[in-house]
Amino acid sequence: MNFRLEGVYGGSEEALMAESDLAGLALADVDVMATGPDSLRVGFAPIRPSSGIEVVRLDFGTALFGVGALLKASLQNSSAGGDAWQRVDAGDAAAEVGGNTTTLIGSVGTKDLIQDVAVLPSAFTPNGDGINDEVRFVFKVVRVGDDSPVEIDIYDLGGRQLRHMVEHRALSTGEYEMRWDGRNDAGEMVPPGIYYARLRIDTDFEGADLSAEQILRTVSVAY
C-alpha cells in the first residue's frame with residue numbers, strides 16, 4: 001500500500017471542515033521524507049501554543065488491496081533529539097467527521113480480484129538482442145487475504161497450453177509484474193504468432209468460491 005500526500009493543514013476545527021478554505025490553512029515547508037513503501041513520513045515546523053492551531057489535518061491518498069487496513073500514526077519532535085515517538089490514538093478530534101477510528105475502509109467498485117491488467121508490450125521480439133525480449137504482465141490482486149497462487153498460462157490459438165507460470169506469496173494481495181520470455185515449458189522458443197495469456201487466481205474469499213476468477217489477454221510474438 002503506497003501513500004500519496006495531498007496536503008497538511010492547521011487551524012480551528014470549524015475552519016478545517018470547510019473544504020473550500022483549505023488552501024489558506026496549508027502548513028508551510030512540508031517535507032515528505034524517505035521511509036518504507038507502506039508508510040508516509042511527513043516533516044513540518046513545530047506548532048507552538050501561540051499559533052492558534054487547534055487541529056492538524058493530513059490528507060493522503062492510497063489504494064487498498066484489501067477490504068480495509070489499520071492506520072498507525074506517531075509524532076516525533078525531531079528538534080529535541082533522540083528517537084522517541086509519541087503514539088497517536090484514535091479519537092473524536094473533529095465532531096463534523098463521521099468516524100473516530102484509524103481504520104481505513106475501502107469502497108468496493110468492482111468484484112474483480114484481478115484488476116488493472118496491462119500487457120507490455122502487446123507484441124514482443126524474443127530474439128536475444130536485448131530489446132523487447134520479454135513481455136510483462138502487470139496487474140493488481142485485491143481483496144485476497146490468503147496465500148492463493150497467481151498463475152499465468154500461455155496458449156496458442158488452437159488451445160494448447162505452452163507455458164505455465166506461477167507466483168506464490170505469503171499474502172496474495174498486491175501489485176504483480178510477471179514476465180514471459182517467449183519459451184514453452186520445455187525451454188523451446190515458440191513460433192511467431194498470436195497467443196492467449198490467461199491470468200488466474202484460485203481462492204475462497206469470505207466463504208465464496210472464486211476459483212473461476214480469470215482474465216484473458218492476447219500477446220503477439222514476432223521475429
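The values are calculated or read from the model by the stated rules, or taken from the named source; none is laboratory data. Remember, it's a predicted structure, so these values are computed and weren't measured experimentally. As a convention, Cβ positions derive from the backbone with ideal geometry for all residues, glycine included, and neighbour counts pool all protein chains shown.
Filter the range 110-143 down to the residues that are over 16 Å from Met178 (Cβ atoms) and of a type outside the set (D, E, K, R) and list them by number.
Thr110, Ala123, Thr125, Asn127, Gly128, Gly130, Ile131, Asn132, Val142, listed by residue number.
Give the range 114-143 a look and list any residue that's within 20 Å of Tyr196 (Cβ to Cβ) and either in a loop (DSSP other than H, G, I, E, B) or of a type in the set (Gly, Ala, Ser) (or both), or say none.
Within the range 114-143, Ala118, Pro121, Ser122, Ala123, Thr125, Pro126, Asn132, Glu134 qualify.
Assess whether Ser122 counts as being of a type in the set (Ser, Thr, Tyr) and modelled with pLDDT under 90.
no
Being surrounded by 11 or more Cβ atoms within 10 Å (Cβ to Cβ), part of a loop (DSSP other than H, G, I, E, B) and assigned by TED's automatic domain parsing to the domain that holds Gln214: is that true of Asp146 here?
So Asp146 passes the test.
Just checking, which of Val8, Val55 is surrounded by 15 or more Cβ atoms within 10 Å (Cβ to Cβ), within 28 Å of the chain's Cα centre (by Cα) and not hydroxyl-bearing (Ser, Thr, Tyr)?
Within the list Val8, Val55, the selection yields Val8.
Are any residues in the range 1-30 closer than 16 Å to Gly61 by Cα and either in a strand (DSSP E or B) or touching a helix residue (DSSP H, G or I) at 6+ places or on another chain (Cβ under 7 Å) (or both), and if so, which ones?
Phe3, Arg4, Leu5, Glu6, Gly7, Val8, Tyr9
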